[in-house]
Amino acid sequence: MEHIELFFKSIFIDNMVFATFLGMCSYLAVSKKVSTAVGLGAAVIFVLAVTVPLNWLLDQYILQEGALSWLGEDYAQYDLSFLSFIMFIATIATMVQLVEIIVEKFSPSLYNSLGIFLPLIAVNCAILGGSLFMQSREIPSLGLALTYGVGSGIGWFLAILAIAAIREKIRYSSVPPALRGLGITFIITGLMAIGFMSFGGMLTGGDEKKEEPKTEEAKVEVQKELNKEEDAKIVAENTNLNNN
Amino acid sequence: MALISKKDAALIKDPFLDNNPITIQVLGICSALAITAELKASIVMSVSVLFVLGLGNVVISLMRNIIPSKIRIIVQLIVVATLVIIVDLVLKAFAYELSKTLSVFVGLIITNCIIMGRFEAFALGNGPWRSFLDGIGNAVGYAVILIAVGFFRELLGSGTLLGFKVLGDPIEKTGLYAIGYENNGFMLLSPMALIVVGIIIWIQRTKNTSLIEEN
């Protein structure tokens, strides 16, 4: 349940592009055609799914305050969290390189479709942002970190797919000349972000509704018990009367 | 001898308007949009980027002949990450509240495309002094847009500038609020940052028609 909740939350509510504006540079630069957008989106999902859990492990066992305690008690007081930027970005850069080599070796066809995008991804803010948000939101387990990585990757994929489709269509409409290209893309993204804000009620709304029936149920139960007591009293009185 | 020759002056002036990193080169958008709800945050972010870009450009330019081109991206990332850690620690020490507001976006300066973009496009092929000027010029171009967006969003969204109530007090109904003015809370939400930048691009390209794109 936790996993499903985090999964949908990271796709829709905390969408990388529309809620936190991460990965905007490549989002704007590579969204001219749907086919390239799909390639980059798939590569982002892939890299996020690898780097977020990996950085979670780094954060848990090396960087956090007291994380080094597995080395012995002498190391328990170290707090290396100031190194997290450099560690995260180094992991990401190496992982991207590694993923590129592995994919090239084992699946040349996938490499041909993702290959050119992989080096671009090392400097995509969405990837580092995923790891940094994972750290600042204190995601509790490795499984959840993986869910978060995949979920936010899919969210980014959806966003770039949508804008690329819109940009392919907008070529046929008459946009004011000064707005053509970049300007109109910004404004459309803004409107899409407003649309995505409506997903915000998805989880919180559910939570509120969940809480209300609980209190009502509790009230009903209390009242039921009260009623029972009253009934018992009445019964007792009646039996008393009958006895008399 | 003039300290800045004419050619060098162009390095600083160009990114300011006609080759602005945000509106023309489309670099460094992420941070520009996420933290501009307040003017103060935009200014701090601009200063941080100025520091990282200026210094980073010099460092990369000094090392440009000894970096093997195959691993240059990792080298660049390590240089930026080190500078950003310095910025982050300074912010945490002297402006803790503000560093909380900026949260992960200080860390995201590392992947701010302006920085990598300028390293790749300029610092790898030019001397330290020119790289420094290029870094400062681009950071200032970035700062101009950031501060403009922050200015309008804070003024229209919460009626304040740097925390001062320039339009009067909304609760006690003084100043503009006395005649029925209301804050537009929508300006504080993140989508409006995109639309404000869109409008800035619109105005800029209307003034300078040579910048208009084909499609």
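The values are calculated or read from the model by the stated rules, or taken from the named source; none is laboratory data. Note that this is a predicted model, so its numbers are computed, not measured. Note that each Cβ is placed from the backbone with ideal geometry, even for glycine, and that neighbours are counted across all protein chains shown. These area figures cover heavy atoms from the full protein model, side chains too; ligands, DNA and RNA do not enter into them. Shrake-Rupley method; radii C 1.70, N 1.55, O 1.52, S 1.80 Å.
List of remarks:
- Exactly one residue out of B:L156, B:L146 is surrounded by fewer than 22 Cβ atoms within 10 Å (Cβ to Cβ) and of a type in the set (A, V, I, L, M): that is B:L156.
A quick yes/no check of all residues on (1) in a loop (DSSP other than H, G, I, E, B); (2) open to solvent by 10 Å² or more (accessible area, probe 1.4 Å); (3) at the interface with chain B (Cβ under 7 Å from one of its Cβ atoms):
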residue: A:G155; (1), (2), (3): no, no, no
residue: A:L158; (1), (2), (3): no, yes, no
residue: A:A165; (1), (2), (3): no, yes, no
residue: A:I187; (1), (2), (3): no, yes, yes
residue: A:F196; (1), (2), (3): no, yes, no
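- Residue among B:A41, B:A95 that alone is open to solvent by less than 80 Å² (accessible area, probe 1.4 Å), more than 10 Å from every other protein chain (Cβ to nearest Cβ) and either touching a Pro at 6+ places or on another chain (Cβ under 7 Å) or free of Cβ contacts under 8 Å to residues at least 60 places away in the same chain (or both): B:A95
- When segment A:62-105 is filtered for residues that are of a type in the set (F, W, Y) and at pLDDT 80 or above, the ones remaining, listed by number, are A:F82, A:F85, A:F88.
- Taken over segment B:160-181, the criterion of being of a type in the set (A, V, I, L, M) and surrounded by 14 or more Cβ atoms within 10 Å (Cβ to Cβ) is satisfied by B:L161, B:L167, B:L176.
- Remark: pairs (first residue in segment B:184-212, more than 8 Å from chain A (Cβ to nearest Cβ); second residue aromatic (F, W, Y); Cβ separation under 7 Å; 6+ apart in sequence or on different chains) = B:V196/B:F152.
- The set of residues in segment A:141-163 being closer than 22 Å to A:F85 by Cβ and without any contact (Cβ under 8 Å) to a residue 24 or more places away in the chain is empty.
- Condition check for B:S46: buried (at least 19 other Cβ atoms within 10 Å of the Cβ), in contact with a Leu (Cβ under 7 Å, 6 or more places away or on another chain) and at pLDDT 85 or above: yes
- A:F106 away from chain B (no Cβ under 14 Å), free of Cβ contacts under 8 Å to residues at least 12 places away in the same chain and not polar (S, T, N, Q): yes
- Residue that is of a type in the set (S, T, N, Q), open to solvent by 10 Å² or more (accessible area, probe 1.4 Å), in contact (Cβ under 8 Å) with a residue 60 or more places away in the chain and assigned to a helix (DSSP H, G or I), where the choices are A:Q135, A:Q97: A:Q135
- For segment B:58-70, the condition of being touching a residue at least 40 places away in the same chain (Cβ under 8 Å) and crowded, with 24+ Cβ neighbours inside 10 Å holds for at least one residue.
- Only listed residue being closer than 14 Å to B:T111 by Cα and not small (G, A, S), chosen from B:Q25, B:Q76: B:Q76
- Total residues in segment B:183-197, condition among the small types (G, A, S) and more than 24 Å from A:I13 (Cβ to Cβ): 0
So that you can scan it fast, the table gives a plain yes or no per residue for (1) in contact with a Phe, Trp or Tyr (Cβ under 8 Å, 6 or more places away or on another chain); (2) within 13 Å of chain A (Cβ to nearest Cβ):
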site: B:N65; (1), (2): no, no
site: B:K70; (1), (2): no, yes
site: B:T82; (1), (2): no, yes
site: B:I85; (1), (2): yes, yes
site: B:L89; (1), (2): yes, yes
site: B:T101; (1), (2): no, yes
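- Qualifying position, being surrounded by fewer than 16 Cβ atoms within 10 Å (Cβ to Cβ) and either at pLDDT 80 or above or under 23 Å from A:I194 (Cα atoms) (or both), among B:N184, B:N126, B:N138, B:N208: B:N184
- Selection within segment A:7-34: residues that are more than 14 Å from chain B (Cβ to nearest Cβ) and closer than 27 Å to A:T94 by Cα. The member of this set that is surrounded by the most Cβ atoms within 10 Å (Cβ to Cβ) is A:S10.
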